[in-house]
1. Does A:Asn227 qualify as being under 30 Å from B:Leu75 (Cα atoms) and in the same structural domain as A:Ala85 (by TED's automatic domain parsing)?
2. Would you check if there is a residue in region A:620-631 being touching a Lys or Arg at 6+ places or on another chain (Cβ under 9 Å), within 27 Å of A:Met555 (Cβ to Cβ) and either touching a residue at least 40 places away in the same chain (Cβ under 8 Å) or of a type in the set (Gly, Ala, Ser) (or both)?
3. Working only within region A:114-133, note down all residues that are among the aliphatic types (A, V, I, L, M) and out of contact with any Ser or Thr (no Cβ under 8 Å at 6 or more places or on another chain).
4. Of everything in region A:453-472, what is within 14 Å of another protein chain (Cβ to nearest Cβ) and in a loop (DSSP other than H, G, I, E, B)? Give them in sequence order.
5. Every residue in region B:20-34 that is assigned to a loop (DSSP other than H, G, I, E, B) and crowded, with 19+ Cβ neighbours inside 10 Å, please.
6. Of A:Ser139, A:Ser128, A:Ser112, which residue is touching a residue at least 40 places away in the same chain (Cβ under 8 Å) and under 22 Å from A:Gly580 (Cβ atoms)?
Amino acid sequence: MTLFKNTEATNSQENLRGDVDKLSGSSRRDFLSAAGALVVSAVGGGLSTSALAQAASANAAGAVSAGAVGTTLASIAAIKPALKADELDSWVAIQPDGAVVAYYGKVDLGQSLDVAIAQIVAEELDVSYRKVKIVMGNSASSLNQGGASSALGIQAGAKPLRNAAAEARRILLNLASEKLNVPVAQLIVDDGEIAVKGNSTQKVTYAELIGGKFFNSKVEWNKRIGNPLDVKGVAKPKSPAEYRVVGLSIPRNDVAWKVFGTNGNIADVKVPGMLHARVVRTPWAGSVAEAVDEASIKHIQGARLVREKNFLAVVAPREWDAVRAAKALKVTWSASPKPFPEFEKLHEHIRQAPTRKRTEESKKGDVMASLSTAVKVVEAEYLWPFQSHASMGPASAVADVKADKITIWTGSQKPHYARDGVAALLKVPVETVEAIWVQGPGSYGRNDAGDAVLDAAYISKMVGQPVRVQGMRHDGTAWDPKAPASVHRARAAIDATGKVVAYDFTTRAFSRATIDSNESDPRDSLVGMELGLPSKGGMTFGIPEESYAFDNKRMSWEVIPDLIASASPMRTSHMRDPVGLQIQFASEQFIDELASATGEDPIAFRMKYAKAPRDIAVLKAAAEKSGWEPRGNAKRDRSGKVLSGRGIAYAQRAGTIVAVVAEIEVDRKTGRIWGRKFTVAHDCGLIVNPQGLRYTIEGALVQALSRTLYEEVQFAPDKVKSVDWSSYPILEIKDTPENIDIVLINRPEAPPTGAGEATCRVVPAAIANAFFDATGVRMRQAPLNPARVKTVLSTT
Amino acid sequence: MALTPFVVDGQSVQIDSDPQMPLLYALRDDLQLNNPKFGCGLAQCGACTVHLDGQAIRSCVMPVSAVKGKKVTTLAGLGTPEKPHPIQVAFLEEQVPQCGHCINGWVMTSAAFLKKNPKATDAEIKTALEGLKCRCGTHVSILRAIKRAQTLMA
């Protein structure tokens, strides 16, 4: 047995086996064809006709200057050019030992993303996977590619890396051509070694050409930052047919240090001379500190109060003393304005609140006319609660604010934006702030990490020392940004032949993001709002993503006002597959209701109306793999204590298509639903790392199962009552599915799309549809927890 | 303040602290043993689990004074990359953790349990692990790894 030995985030691994070992490391192949038509003449670095033609066509498309094409041994640099998107050296570097470093402006959250990026870079550069090291998320060494965002890690994040690696390889071939005095067309590359075809003694390595030095060469930048940031070189990346490393199940780099504890996460960052801090936030919604008794923490050694306007924190040299001080601090809070509705009246509040904004995002035909003349109209309403990220550990962050330089250590999944937010909060130039990203204790969107880092920076500035902030459990559960609660209404018209002729879907909800999905603007942070910055607010939601072609179809959303304008524990922001679970819980359950109303099998019904061929293929794959037996409205025996049922749901998500068949058991007495077996069919285009993809889908499914069955933020008019795991229960090990079957549909011809979120959105409706199959009763309100199941079953 | 001597991962240590300070803070802040994690501070999640004289306990609610003279084992004391515990081998081979913040709890709790119940059934394993939390949804991998560990330990 061999084990990982690395304790840092490198890709050097020792347990690669079998075909992975062969293909990712030491296979020999002729890369002549991949070298392309770009030929640099051996003498003087001048350009051949074909090279000029290619450069010209690239320039015609708005591409790179001829300078990049003409990179020579004389033009490579000993000093690294400044970090700019249009510098090739900002993306990829060859180290003296021939290792490749790629700088990635997104981050991996334990789902193989860095492995996949390394596979893509290795592929384009023709080096073994082992030689590639990914440096992620640090603002000093990587560009702002948007951090982890909307499952775009490969879909968008790999693009500039792929192009840069291909461009680097092109230049390396040119340099080898110059060095060996042989045309590029006669060169072959194998694992970072360039040799003359037919003469293996005449060769030069990447390391010998440029190791430790820099390309000093431009790439074309599309002038965007964040997710859309892209660069292009003259080189054309490989076609998927040529892939050898992309497509392999290479294991992750971060498992060993997690299992052996040989490296830490953000909670483990400590810097010399730092103080421990705890932010003290009101337990009462909308209230502020009227008086603070500083003497109440006097007995705790070294404990100090930090107070500015409505921001309140304590610091102490020892962490336990900071914890004690936060608890002991006597604060007189103003009366709560009771800004929240009664918990039981949440959805009534959503129905009745004024509409701030309505958008009809998708419209075809005349829905209203069709509904008014329908033979049959089916209508239903679905309810989703507020949910909490409730990350495994409350967020922590370290900040060292010095007069001329600020360093932050953050678990925020968007570290570049955290840097921008700290600079704006402290009113310093962004260049003086360096964000160092360290993996956090769970990250599924904008959780509490974005607030922790701004809190730490502010406190550090106030006390003039490095500061480590960590939340207590209630900070992570009660005070993290929430996924919005919603009400969804769907109507459909059916004609005399049983055809669905109109479909009308409307969401009414709190905005999907009353604070932005990143913390670059202090108005979107708790500390910013506590210091008096006005809330920005947000007004957007979303619509179902599918390809159902009904003759008349309208999909819209309406957003209602926030409950509190500032520093609210119920402010909303993005949580894994933002609004996807809410929307598809409703829309895919309604589709089942339509199938039932027309007496059709749920999968047959979907395949009849879904028009995109890839969608139909996914549905077919899920049906086949799960052994789905078509059914209509035949009577079932439902006399048993434990009822079983099956349900399907399907959706698109930004290019990815997924369908899931849920097989559940319902215990009539306890009200417990067990998601016993799931079959997932998943199409996200080209698959980069199948095993990493499987684990990602599994985790997404189980997390969504937890949200479907258990998760609901409890509150009263004057406070959030979900403060820990007892008041915000999640899935337990006994609820683990017995089996998750995954069918991966690989489409090398289609660009890779996201996999981290799509599966989440089909789980809730699949469960609810299976519940209907099992019991004959609809559960139109989530979560489908035991109490609600018992109530529904006892009243029908 | 009070002095508390105890043994951690085979080393004798002494902590000078508020006697009510939870063991977790002594391990993480005074001894720089970061493997037990703060998850809730309420014994509701298990991220802080260590072995106290062989028993899996939640260090976030155990006053440091209560471990006086006792033997504490952390994840680092359970096994190392050079000399791994079978549970660690299984969790590695099954690629279990995503964010990894919970993993200490699952490894330490299942190691203590399997030592006494090497042939535990699936139902017994699930009962033994009740209360541990994982937010990334890696439960399927966790159970696969524990089954694999049982094979390795047989």
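The values are calculated or read from the model by the stated rules, or taken from the named source; none is laboratory data. The model shown is predicted, which means the values in this text are computed figures rather than measured ones. FYI the Cβ positions are ideal-geometry reconstructions off the backbone, even for glycines, and counts take in every protein chain you see.
1. Against the criterion (under 30 Å from B:Leu75 (Cα atoms) and in the same structural domain as A:Ala85 (by TED's automatic domain parsing)), A:Asn227 does not qualify.
2. No, the conditions are met nowhere in region A:620-631.
3. A:Val115, A:Ala116, A:Ile117, A:Ala118, A:Ile120, A:Val121, A:Leu125, A:Val127, A:Val132
4. Result: A:Gly471, A:Met472.
5. Selection gives B:Met21, B:Leu33, B:Asn34.
6. Testing whether each residue is touching a residue at least 40 places away in the same chain (Cβ under 8 Å) and under 22 Å from A:Gly580 (Cβ atoms) leaves just A:Ser112.
Matching residues to (1) within 9 Å of chain A (Cβ to nearest Cβ); (2) within 30 Å of A:Asp114 (Cα to Cα); (3) basic (Lys, Arg):
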site	(1), (2), (3)
B:Gly39	yes, yes, no
B:Leu42	yes, no, no
B:Gly54	no, no, no
B:Gly69	no, no, no
B:Pro86	no, yes, no
B:Gly100	yes, yes, no
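This table checks each residue for (1) outside any loop (DSSP other than H, G, I, E, B); (2) of a type in the set (Gly, Ala, Ser); (3) within 11 Å of chain A (Cβ to nearest Cβ).
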| position | (1), (2), (3) |
| --- | --- |
| B:Ala47 | no, yes, yes |
| B:His51 | yes, no, no |
| B:Ala76 | yes, yes, yes |
| B:Leu92 | yes, no, yes |
